[in-house]
Amino acid sequence: MDIDIKNEEGCLTLKVIGRLDTNTSPDLEAEMKLDGVTEVVFDLSGLEYISSAGLRVLMAAQKAMISVGGSMKILHPNAMVRGVFEITGLDSVFAVEA
C-alpha cells in the first residue's frame with residue numbers, strides 16, 4: 001500500500017493506493033496525524049481492496065472528526081470498495097462521492 005498525504009489548512013487528504021487490510025491498516029493509522037485537522041478526505045481511487053481492519057481505520061477517523069465538529073469524506077471508491085460499504089451499511093455513515 002502507498003499513501004500520498006497532503007495537509008493544507010486543517011484538511012488532511014490521504015490518497016490510498018493498493019490494499020487496505022490487516023497488514024497495511026496500521027500504516028494508514030500511523031499516517032493519520034489529526035492534531036489541528038477539521039476535515040479528512042480519503043481518496044480511494046487507487047484502492048483495490050479493503051478489509052474489516054481497513055474499515056476500522058476509516059471509522060476511527062470518522063469518530064475523531066465528529067468529536068471535533070469536523071467532517072470526513074471518501075472520494076472515488078471502485079465498485080468493489082463501494083460494495084463493501086453497502087454490504088456493511090457504512091455507505092449511510094460515510095459521505096461517499098463517486
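Annotations for the structure displayed:
- Of the residues making up the range 66-81, those that are not basic (Lys, Arg) and not in a helix (DSSP H, G or I) number 10.
- Inspection of the range 17-26 identifies no residue that is in a helix (DSSP H, G or I), touching a helix residue (DSSP H, G or I) at 6+ places or on another chain (Cβ under 7 Å) and surrounded by fewer than 18 Cβ atoms within 10 Å (Cβ to Cβ).
- Within the range 66-98, the set of residues being surrounded by 16 or more Cβ atoms within 10 Å (Cβ to Cβ), closer than 18 Å to residue 11 by Cα and either in contact (Cβ under 8 Å) with a residue 60 or more places away in the chain or over 12 Å from the mean Cα position of the chain (by Cα) (or both) comprises 70 only.
- Looking only at residues of the range 29-65 that are part of a loop (DSSP other than H, G, I, E, B) and in contact with a Gly (Cβ under 9 Å, 6 or more places away or on another chain), we find that the one that is farthest from residue 14 (Cα to Cα) is 36.
- With respect to the conditions (1) loosely packed, with under 15 Cβ neighbours inside 10 Å; (2) among the aliphatic types (A, V, I, L, M); (3) within 12 Å of the chain's Cα centre (by Cα), residue 55 falls short on a single one, namely (1).
Only the coordinates and a few stated rules stand behind these numbers; no lab work does. Quick caveat: nothing in here was measured; it's all calculated off a predicted structure. Please note: Cβ atoms are built from the backbone with ideal geometry, for glycine as well, and neighbour counts cover all protein chains shown.
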